[in-house]
Every structure is written in structure tokens, then in C-alpha cells.
1. Could you tell me what percent of the accessible area of segment B:2-227 is made up of carbon and sulfur, with a 1.4 Å probe and every protein chain present?
2. Would you calculate, for chain B, the mean residue ellipticity at 222 nm contributed by helices, counting each DSSP H stretch of 4 or more residues as -39,500 (n - 2.57) and dividing by all residues, to the nearest 500?
3. Scattering from the C-alpha atoms of the protein assembly as shown alone, worked out with Debye: what is log10 I(q)/I(0) at q = 0.06 1/Å?
4. How much length is gained on full extension from A:Leu271 to A:Gln226, taking 0.36 nm per residue of separation minus their Cα-Cα distance?
5. Segment A:167-302: D in µm²/s via Stokes-Einstein (Kirkwood Rh, Cα pairs, 25 °C, 0.890 mPa s)?
6. Between A:Ala50, A:Ala217, A:Ala83, where does the largest GNM mean-square fluctuation fall for chain A, given springs only between Cα atoms within less than 10 Å?
7. Mind giving me the nanometre distance, one decimal, between the label points for B:Asp274 and B:Phe11, set 7 Å out from Cα along Cα→Cβ?
8. Mind pulling up the Rg/Rh value for chain C? Radius of gyration and Kirkwood radius, both on Cα.
Amino acid sequence: MSLQFILDGLINGSMIGLGAIGVTLTYAILRFSNFAHGDLMAWGAYATLALVSGIAALAGAAAPIGALSFGWPMIVAALGGMALTGLLALALDWLLFARLRDRGQAIIIVMASFGASMALRSLLEFLFTSSPVYYSRAIQMAMPVGLGIRVTPDQIALLVVTLALVLGMHLFMTRSQTGREMRAYSQNPALARVVGIDVARIVRATWLIGAALACAAGIMVGILVQIRPLMGLDMLLPMFAAAILGGIGSIPGAVLAGLIIGLSEAATVQLIGAEWRAAVAFAILMAVLFIRPMGLFGVAER
Amino acid sequence: MIDLLSYGAFFLSTALIFGIITLGLNLQWGLTGLFNVGIAGFFAIGAYASAILTTPEVADRIGGFGLPIAVGWLGAMALAGLAAAITGIATLRLKADYLAITTFGVAVVVQLVMLNAEALTGGPFGVAFIPRPFAGVQDQPVLFNALNLMVVAGVTLAIYLALEHLSRSPWGRVLRALREDERAAISLGKSARSYRVQAFAAGGAVMGLAGAVQAHFIGFIAPDNYLPTLTFQVWAMLMVGGSGSNRGAVLGSIVVWAIWVGSGAATAALVPGDWQARAAALQIVAIGVMLCLILLWRPQGFFGPRRGRM
Amino acid sequence: MTRILDVQELVAGYEPGLSIVKGASIHADEGEIVVILGPNGAGKSSLIKAIAGLVPVTGGQVLLDGVPITATPAHLMVRRGLAFVPQTENIFPLLTVQENLAVAGGILPRATVPARIDEMFGMFPDLARQRRLLAGSLSGGQRQMLAVARALIVHPRVLMLDEPSAGLSPKFVEMVFARLGEIRRAGLTIVLVEQNARAALAIGDRAYVLAEGREAHEGPAATLWNDPVIAELYLGHRKAS
Ligand SMILES: Nc1ncnc2c1ncn2[C@@H]1O[C@H](COP(=O)(O)OP(=O)(O)OP(=O)(O)O)[C@@H](O)[C@H]1O
Ligand SMILES: [Mg+2]
């Protein structure tokens, strides 16, 4: 049996984990499961694509960095895409979620996110059609790294980027004042107000961070696989499963669970067949709900 | 004229099948407050269950038991109800979001099974030769469609009356009390959960029945019939009609289906060929936006009882 | 004496049309400990939550140092100098002791926070020893101390506490109240809601008895304790004499 699936699983799991951070933060702080989170991911990927194309049109083609498939425009575009996705999330919150939040029925907000998800996704199909697109047509050579595993330069670079983002997020949540405030707010919103935390600021930070990371995950999928309007929808179940398996509100949990799910999916592809891959997240989700609904690092619901 | 009559019957039958699903959803959401995003999955389970039970034997597929249609319908209700019950048992002791996420997963998995368990479901090509009632008069479209409409309308009416009765019964009153008063629900604890599982399972069974009715109505099913769009459509129907009202559920289904078919026909006629797919996407954008607007501005719907909260 | 907190005819409730606080008037002067007593459900918690901006106010007003602060969003109250320690769930259990203080210090100039946290640890040495533990793992008394330290870290003018002695062993009750006495001597004004009338009146200067959403009696703490009618009606003890 080839061990390649371990690498594939790690890559796949990184993307799930990055997305799941946003899901878990939204759930812990805004208190609803956002069905539109996958679509933020897809919008981020397309926004970045638009920016890359824009830069190419203005500045001409740039040489790739080292052995990677992309050059500096991709990095600039990725940052721009993350900002744009953040703005999209803030706009959605302002138009829709904030208004419903004021009425205080959490499940209605879930339903609204469901409607928004459908509108966002189909809007992408309208704008870009449903056929897949790519950031780069370049074919990368995979290098053997031993044990029969082969890896492309892009994969290495993106694993490093994921690691950096996750570490950065962890430091942000544990060391920065805003991160502490976000954790405090998720534990007890009323007390958070008593100690002087501005809820509106926390809500904004949550959307910006969740959307930026969703965009990063979308870009990774775009670089390593392809960009499609449905890419976010396909990631939604694994992301939810990772957020729940990791324990709602736990960022290390979401990332670890993302890796677990990614690896399980890769193993399933190898052992059973690629067509059953999407069922893995569901099987894990059901197992968690029956055995340990609070997840790996979760705390019992108050 | 004949064409129009025949088409009218066909349109109404389809709309009423949606009406049955929406009635099932109204039991889950309108009466009990349970959020189901996997409607297409439960609908599909019913359709495939009935198809497998009633189709004649085929060489390369399990099933094909050739049983009577009525048995297929019952099987559809039982299997979809069971799937819903398991979903409910797994999630209803947890926060409401977990049910939503799990039902979403159910739809994903059902879609996978339809596509990949070829020995059972026929894979991407689905199941054909599902027995249609009144197949003997198939060559007289008006009569055929009218008879089918009568069957569909009959089922709709039966479900409607049953649900009206249920929602007035002590059982229904408990469900309503549970959804209005979270504290009562908590104090009832285990038995509250069991009421909710029952309601969710019953709603799932109704959706399964709708799936079976539709399968026998068109005689052919494939995974493409059960995409997430269907779930959105049904939600739009319930929200337009007004959640909590069975009458609204049926009316909402007819109205939304008419808008859907009408706008589809308009784009087909007006939009040039290579833009058709995009126009279809825009149609879905419109439903999503409509759902959000209704949630924001008219959460009680248009045909339901005028109530403050939904 | 300067009147620091002045609550006039306050009306407040959780749901529209259903007032729980029904025209309550209380005040606190500089350096005073004002005690609010009353039977269960009298609306004591609701009153101070309304003052703190946590319950919608529909009538009356709250002045702090003569400035109206009625219906100021709750998160701005501590910036105005009004700190509040709720009755229950008054710490963040999954933050460490130090993080609990740091998060509350967010409204202070960034550079001053570490020193201020150390000052709090100087004032509450027990907490200093546990600074890296999750607040949720503290004992009841230590939690209460943390909640008080958290409120004090921002140099408030008025400290409002809701039943700080609830659920504590007598030893800790004594400790908490001793601390409140020290804090007052440092010049802070304290509004104290209590069930434990004996301990509260012992350190209080003035007291109100709240009944059905408004103040029914007011007087110096010492006389209130000795008033037989009030004692029997509201304080649940009978004077032996
Ligand atoms: N969050 C809330 N929503 C609705 N009603 C509430 C809420 N909190 C308290 N009440 C109601 O307000 C009334 C006064 O309660 P409150 O907690 O203010 O009394 P209290 O004097 O603090 O009592 P205790 O001594 O038990 O703490 C009670 O009838 C209670 O049911
Ligand atoms: Mg109280």
C-alpha cells in the first residue's frame, strides 16, 4: 500500500482545518452554524482569481517564484482576496445576519445563512459559469521524498502557509487583547459587555478572520485542485464535521479535526474508492454526535 | 386546448407533490421548530424505496420485487421515517444547529448512495420502469394526467387532513408548547425529545411518501432529481405560505412552483442558448434572496395565520 | 458630601410592558457602602442590572457624578466609572486568572495594564498564586475575589456587587466583606445587594429594603438592623431583645 495518501490527507486536511476555524469561530461567537461559510471560500477563490488576472493584465506576466506554479502577483492577489472576502462577510452581516440577530432567534439565522449560501453560490455560477478554472496551467513535477511519497513544490509551500496561519491564529487568540476578548465573549456574552467589551467590534473581527481564512482555504483548493462555484458547498460538510469533532470554539481542535478528517478521506479513497469520500465526514460527524458531542477539545454546552 | 388541460393537470400534480413535501416540512418546522436542510435526501429515500419495491425484476440490480404500488408507498414512508428518526435521535438532545448540520449530511450521503451504490440504485442512470398508476390510459394524455392529478390531490388532501387533525390533537399541542416555551421543553427533558423525534420522523415519512408519489407519477428517477436546489425550493414554499399553516404550505407550493416554472419558461424563451445555464443560476439566486427577504420582512409568510412570531 | 450615584424613579423590565423595577430611587454618596436588601424576587438583581445597562430601562434616570448615564450601552458603563459584579457567572471560566484581569483591563491604556494587573495581584495575593490557572478551577471564594479584582482593575468610581457572599462558606464571607471594607477605605463607593443581611449591614453605612421593584425602606445600616418590623418582614430574623 502506498503511503501517498498520508500526504494527500494532510493537504486536504489543512484546507478543511483552515475553513473549520471560521466555522467554529462563527459558531462560538455569533452562535450559529453558517451554511454560507463554504461560499465565502468559493467567493474568496474567485476574487483572488479576478485580482490575479487583473494584475497580469496591468503588469504583464510575472515569473513564478522558484519551483512554484505562481509568482508575486498571486501573493498580492491572495491578500487582496482575503480582504475582499472579509468585506463580503461584513456586508452580509450588515444586510442580513445583524438584523436577524437583533430579533434573537438563532435558528432563523441559520436558515438565512442557508438562503444566502444558495444565492451566493448561484451568483458565482451566473458570473463565472460552472466550468472549473485554474490560477495557473503550469504542470508541476512531483518530487519523491521517500517512503513512496511524492510531493509538489506548491504542496510544500501551502502546507507551510497553513502551518503559519494556524500558528498565527493561535497566537492571536491567546496573546492579543482582541483574541482574549473574542474568547471571553464566546464564554459569556453578557459578562463580556459588563467588562467593557464592545460586541460590535468582536463581531467584526470574527467575520473578518473567518472570511480571510475561508479565502485562504479556497485559494489552496484553487491552486492544488481547481476553482468551481460548488467548491465551497463540497467542503461544507467536512468543515462542519471538523468544527464539531474539534469541539466548538476550539481552534487547535478544528485544525486537528480537519487533519483527522482529511486523512480519513484520503485513506477511504485509497481503501474503498474515491466515490465514497464525501461520506467520511458524515460518518465521523455521526460518530461524534453519538459518542462525544462536545468534541475532542470542547466544553459541555452551558 | 387539450394540451393546455393536460399540461394544467401535470403542473398541478407536480406542484401538489411539492405541497406534500412542504406539509411534511411544516410538521417539522412550522409545528415543532425543527430545522431540516436535507429535505431532498428524505424525498429521495422515499422515491428509491418505493421504486425498488415495486419495479419488476432486473438482472443487474438488487430489488425489483414487483410489489403493489401501495406497498411501495408504505415502504417509502417507513424508510424515510426511519432515517429521520435516527437523525433526530442523534441530534435532538443537542443544540438545534446540530440537527441542521446532520440533515445536510444526510442529503449529501443519500446523493452519494444514489450515484454510487449502482447495484441498488442504478447509479447515475437511476431507476426506470417504475410502475405508473393508470398506465393503461397513457396514450390519452388528458385522462391520464387528470387521473394522476386525482391521485396526487387525494394524497395531498389526506395528508393535509391528517396533519390538521394531528396539530389539534393533544400531541400537536404538546409540540407547539415545546417550541414556544423552551423552559417547558427542558423541564420535560427526555420525553420532550421523544416528542420531537416523533414529529421529525413523521415529517420525514411524509416527505418520503411525496418522493414515492412522484416516482410513480413520472415513472423514472435519477440522482439529478434530488439536488440541494429542491431543498431550497421547498423552504421557499413553506416560507411564502407561512410556516405553521398547512393551508399556507400547500398554497405556497403552488405559488412558488408557478413562479419557478413561469420564470424558467420565460428565460428559455427570451435568453439566448449559451446564456441559458447562467439564467438558470440567476433563478436560484432569486429564490435565495427571496428566502432572506421573507425572513427579514415577512417571517409569517403570505397565506398563514397572522401571528407575531413564526 | 458628593452624591456619586443617583437613581431616580427607575423603571425597567426584561419584556416590553412588564416592568420588574417599578420606580426605584436610590443613591450613594462618595465613599459610602450602600446595602440593598429584600426578599427573593424583589427585583434587587434587576435593579442593579438596569443601572448597569443590562436590562432595558423604560423610565426614570441614572446619574453618575451628576451626568445622566441612563441607557448607556453596557460596555460603555465601565468607561464611565461604573463597575459591576454580577450575581452568578461573574468570571470567564475558560480564561486564566491573569487573562480574566487582562481582558477587563482592555479599556485602560495598553502600556499600563501589566502594572495594574500586578497591583491587583498585590491586593489579592491568593489570586497571584493562581494566575496561570483557569478561572473555572478556582474555589467559590476565590472566584468572587477574582470578580471583584476584575471590576476594580479599571479604577471605577462606583462598584456594584450582586450577592457576593452567595454560596460561600462563612470564612470566605468574612474575607470578602473584609476586603470590601478595605476597598471602601480607599475611597470607592460601593453598592451592595445582599441576602446575608447581617454581614452586609455590619459593613454598610446606609441600606435600602427593596420590595416589589421599589425601595420600601431606607435608613442607616445600624438602625435598619434593629428595626423589628423590617427585621421580621424582610430580613427573615427576629431580634431576641
Ligand atoms: N432574565 C430575566 N428575564 C425575565 N424575567 C426575569 C429575568 N431575571 C429575573 N426576572 C424576573 O424578575 C423578578 C425579579 O428578579 P430578580 O432576580 O431581580 O430578584 P432578586 O431580588 O435579585 O432575587 P434573588 O434574591 O433571588 O436574587 C423575578 O420575578 C424574576 O422572575
Ligand atoms: Mg438576585
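1. Values: 6320 of 8970 Å².
Ligands and nucleic acids excluded, carbon and sulfur reach 70 percent.
2. That comes out to -24500 deg cm²/dmol.
3. -0.49
4. 13.8 nm
5. Numbers: Rh = 16.5 Å.
The estimated diffusion coefficient comes to 149 µm²/s.
6. Sorting by GNM fluctuation, first place goes to A:Ala50.
7. Roughly 3.3 nm, to one decimal.
8. Result for chain C is an Rg/Rh of 0.96.
The values are calculated or read from the model by the stated rules, or taken from the named source; none is laboratory data. Predicted model only: the values in this text are computed from it and were never measured. All Cβ positions, even for glycine, are placed from backbone atoms using ideal geometry, and neighbour counts span all protein chains on display. Heads up: the accessible areas ignore ligands, DNA and RNA and are worked out on the full protein's heavy atoms, side chains in. Shrake-Rupley method; radii C 1.70, N 1.55, O 1.52, S 1.80 Å.
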